1. Based on the alpha-carbon gyration tensor of the range 101-160 and its eigenvalue square roots a ≥ b ≥ c, which shape applies: rounded if a/c is under 1.5, prolate if not and a/b is larger than b/c, or oblate?
2. Just grab the label-to-label distance for S64 and N85, each label 7 Å out from Cα along the Cβ direction, in nm (one decimal).
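The numbers here are math on the coordinates, done by the rules we state, and not lab data. As the structure is a computational prediction, the values presented were derived from the model and not from experiment. Neighbour counts run over all protein chains shown; Cβ positions are idealised from the backbone, glycine included.
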Amino acid sequence: MESKVKSFVSLAALVLLAACECGHKTDVVTTETQEIIDNDLGADSKDFIANAGDRVFFDFDKSSLSQESEATLLRQIDWLKSHSNRKVLIEGRCDERGTREYNIGLGERRADAIARFLIERGVAGDRVRTVSYGKDRPIEAVGSKAEIYRLNRVGISVIE
């Protein structure tokens with residue numbers, strides 16, 4: 001990863017130099033630079049999901065963390081501490097029951113509970129953002145209504 005960062009910095013310096021000399025950036029360089037960033041982020045996201053887990057689940061109409069959720073969040077904290085160059089976006093989500101407005105609030109309380117847990121245990125606050133999707137972005141799932149509801153009562157940590 002360090003060699004990718006060095007390559008990125010070198011490439012960025014060349015882009016800036018070229019922009020100064022000829023007055024514009026080359027689209028090919030911009031595209032290559034974005035691919036380096038995307039590939040690096042994709043690898044980290046996969047590593048995060050595999051080694052820490054990206055989801056914590058909530059009981060119906062609750063925003064309190066279970067022991068199982070806390071165990072997942074402790075793994076996330078360890079991962080974030082060892083990848084100090086990464087930030088995390090916490091998405092608060094809900095199942096389809098209840099009004100849109102109520103679920104936006106509930107999703108926010110869920111995301112905030114996760115963020116608070118991370119920050120209180122050492123993740124810098126400027127590395128954590130939250131968003132509530134309420135019931136507006138359901139997770140596609142197959143199964144009983146109860147199982148689909150369970151899968152959508154979730155906080156998802158997304159590496160940035």
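1. On the way: a/c = 2.49, a/b = 2.00, b/c = 1.24.
Since a/c reaches 1.5 and a/b is larger than b/c, the shape of the range 101-160 is classed as prolate.
2. Taking the two extended label points, one gets 4.1 nm.
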